[in-house]
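Inspection log for the structure reproduced underneath, given as structure tokens.
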Amino acid sequence: MDIYLVGGAVRDALLARGTQSAAHFDRDWVVVGATPEAMAAQGFLPVGKDFPVFLHPKTSEEYALARTERKTAPGYHGFHFHTDPFVTLEDDLARRDLTINAMAVAQGEADDPASAHIIDPHGGRQDLERRTLRHVTGAFAEDPVRILRLARFAARFPDFSVAPETRALMAQMVDAGEVDHLVPERVWQELARGLMEQRPSRMFEVLRDCGALARLLPEVNCLWGVPQRADYHPEVDTGVHLMMVLDMSARLGASLPVRFACLGHDLGKGNTPPDVLPRHIGHEERSARLLKGVCERWRVPRDCRELADVVAREHGNIHRSGDFSPTAVLRLLERCDAMRRPARFVEVLLACECDARGRLGFAEAAYPQRERLLRAQAAASAVDTEAVAGAVAAQLPPDASPQARAQLGPRIAQAVHDHRAQAIRQAFLHGT
């Protein structure tokens with residue numbers, strides 16, 4: 001059997017220009033001339049369901065038998081895979097998505113691909129130099145997931161452009177309805193990975209350019225061209241603002257839940273009645289309702305959907321909280337569940353900071369609301385609620401009526417609320 005390093009490890013090692021060996025990247029291997037039985041006999045562990053993939057007995061790296069594929073039905077699952085010892089490396093590379101992912105290096109040279117003989121039948125190295133994302137063959141059109149993957153690579157490599165012929169092919173795939181057959185798990189997987197890339201906005205710009213965004217996330221797609229008040233948003237366009245917010249979340253190193261919350265925080269502006277534009281009264285609640293549909297459609301994980309819901313509902317109040325009284329701040333904290341979930345509240349505030357700074361001319365602006373609300377949250381959380389409850393309960397006489405005892409819970413809740421509001425007032429007064 002012959003073994004080759006393929007795909008991303010070769011690409012990334014070449015991009016690193018020899019500063020790192022291929023061992024620093026996730027490595028995938030293709031095995032030519034072997035059978036599943038031969039792999040098992042050498043101790044490789046089978047893991048593939050659709051086609052033979054094996055884990056190395058020592059490194060746990062993936063080794064796949066060289067394969068070809070044939071389209072049999074619409075969508076991601078509509079493929080028949082074929083492997084046998086006569087499938088060549090060139091056959092395997094021809095089925096890959098992008099030229100920059102269709103290069104290989106013999107196993108003996110894999111530690112230093114930049115200095116090795118690159119097997120490159122589709123011009124991937126040249127496209128790396130040209131900073132171009134280009135499909136390998138027309139087979140690209142058979143798998144709609146590849147549209148999402150290309151968009152994700154555009155977010156990872158923001159200085160790469162999409163080849164015109166590839167952009168045209170993607171648009172044809174969308175028109176043919178291929179995107180409509182994508183399964184939720186794969187859509188979310190690619191969206192999540194794209195959100196975590198260097199410039200997330202590029203993923204959405206590429207999807208929008210080929211028409212896929214309108215099919216996958218129409219709630220996001222319709223934001224372009226929707227005006228906002230220029231005194232608050234010098235960039236005016238809501239879609240442009242959203243992209244700036246996403247890129248700010250990447251700049252600030254935000255987690256996936258924060259970045260998803262940034263994506264969904266202004267969805268309600270897309271259906272603001274035209275007669276009230278450029279104002280967006282009540283868009284927060286509309287955003288939360290639209291977000292629910294997005295999360296159900298693509299089966300968004302619970303941590304992402306819960307954080308996004310809080311940010312959608314409360315980001316306007318958080319922005320305005322500098323003018324709130326201690327009691328109003330406490331009500332805001334309670335709606336955000338900030339005392340019970342302080343770590344999540346930190347992420348809520350980070351998403352709001354991304355929103356505030358994701359505006360034209362505000363990238364370097366301070367966000368004092370973050371420090372003020374964290375100070376308030378710390379003061380409110382420091383209140384000894386058990387002591388407050390005990391003091392209220394001690395006021396209840398032993399012979400209290402059932403009606404009086406029924407009011408004990410609400411009285412305790414009100415007393416805790418009052419103590420927390422006072423704690424916040426003192427924290428603001430003394431700046432601690």
Examine the range 102-110 for a residue that is crowded, with 22+ Cβ neighbours inside 10 Å and in a helix (DSSP H, G or I), and state whether such a residue exists.
no
Any residue at all in the range 50-59 that is acidic (Asp, Glu), crowded, with 16+ Cβ neighbours inside 10 Å and modelled with pLDDT under 85?
no
Pairing a residue in the range 166-178 that is on the phi < 0 side of the Ramachandran plot and modelled with pLDDT of 95 or more with any residue that is part of a helix (DSSP H, G or I) and among the β-branched types (Val, Ile, Thr), where Cβ atoms lie under 7 Å and the two sit 6 or more apart in sequence or on different chains, gives Met170/Ile147; Met173/Ile147; Met173/Val179
Would you confirm whether or not the range 280-300 contains a residue that is among the polar types (S, T, N, Q), more than 14 Å from the chain's Cα centre (by Cα) and closer than 15 Å to Leu373 by Cβ?
no
Six or more apart or on different chains, Cβ atoms under 9 Å: show the pairs whose first residue is in the range 233-261 and among the basic types (Lys, Arg) and whose second is not in a helix (DSSP H, G or I).
Arg251/Ala363; Arg259/Met196
Which condition from (1) closer than 15 Å to Glu334 by Cβ; (2) loosely packed, with under 11 Cβ neighbours inside 10 Å is the one that Asp399 breaks?
(1)
What helices (runs of 4 or more DSSP H) lie completely within the range 150-250 and have 3 or more residues being within 16 Å of the chain's Cα centre (by Cα)?
184-195, 200-210
Out of all the residues in the range 214-236, is one or more of a type in the set (Phe, Trp, Tyr) and over 22 Å from Arg146 (Cα atoms)?
yes
Residues Ala389, Ala338, Ala400, Ala363: which one is part of a helix (DSSP H, G or I) and out of contact with any Asp or Glu (no Cβ under 6 Å at 6 or more places or on another chain)?
Ala389
With respect to Gln369, determine if the residue is touching a His at 6+ places or on another chain (Cβ under 7 Å), modelled with pLDDT of 95 or more and of a type in the set (S, T, N, Q).
yes
I'm trying to understand the selection: among the residues of the range 197-225, which are surrounded by fewer than 23 Cβ atoms within 10 Å (Cβ to Cβ) and in contact with a strand residue (DSSP E or B) (Cβ under 7 Å, 6 or more places away or on another chain)?
Trp224, Gly225
For Ala312: the one exception among (1) touching a residue at least 24 places away in the same chain (Cβ under 8 Å); (2) part of a loop (DSSP other than H, G, I, E, B)
(2)
Which members of the range 344-372 meet the condition of being within 19 Å of the chain's Cα centre (by Cα) and small (Gly, Ala, Ser)?
Ala351, Gly358
Select from the range 251-279 the residues that are over 27 Å from Val346 (Cβ atoms) and among the β-branched types (Val, Ile, Thr) and write down the one among them that is farthest from the chain's Cα centre (by Cα).
Val276
Tell me, yes or no, whether the range 135-142 has at least one residue that is modelled with pLDDT of 95 or more and buried (at least 19 other Cβ atoms within 10 Å of the Cβ).
yes
Is it fair to say Ala376 is under 29 Å from Gln414 (Cβ atoms) and at pLDDT below 95?
no
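Every residue, every condition in (1) crowded, with 20+ Cβ neighbours inside 10 Å; (2) modelled with pLDDT under 95; (3) more than 20 Å from Leu216 (Cα to Cα), yes or no:
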residue: Leu291; (1), (2), (3): yes, no, no
residue: Asp303; (1), (2), (3): no, no, yes
residue: Glu306; (1), (2), (3): no, no, yes
residue: His315; (1), (2), (3): yes, no, yes
residue: Arg320; (1), (2), (3): no, no, yes
residue: Ala328; (1), (2), (3): no, no, yes
residue: Leu332; (1), (2), (3): no, no, yes
residue: Ala338; (1), (2), (3): yes, no, yes
Against the condition under 25 Å from the mean Cα position of the chain (by Cα), surrounded by 15 or more Cβ atoms within 10 Å (Cβ to Cβ) and within 30 Å of Asp231 (Cβ to Cβ), how does Arg375 come out, does it pass?
no
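The values are calculated or read from the model by the stated rules, or taken from the named source; none is laboratory data. Just so it is clear, the structure is predicted and the values come from calculations on it, not from any experiment. Methodologically, a virtual Cβ is constructed for each residue, glycine included, from the backbone with ideal geometry; neighbour enumeration extends over all protein chains shown.
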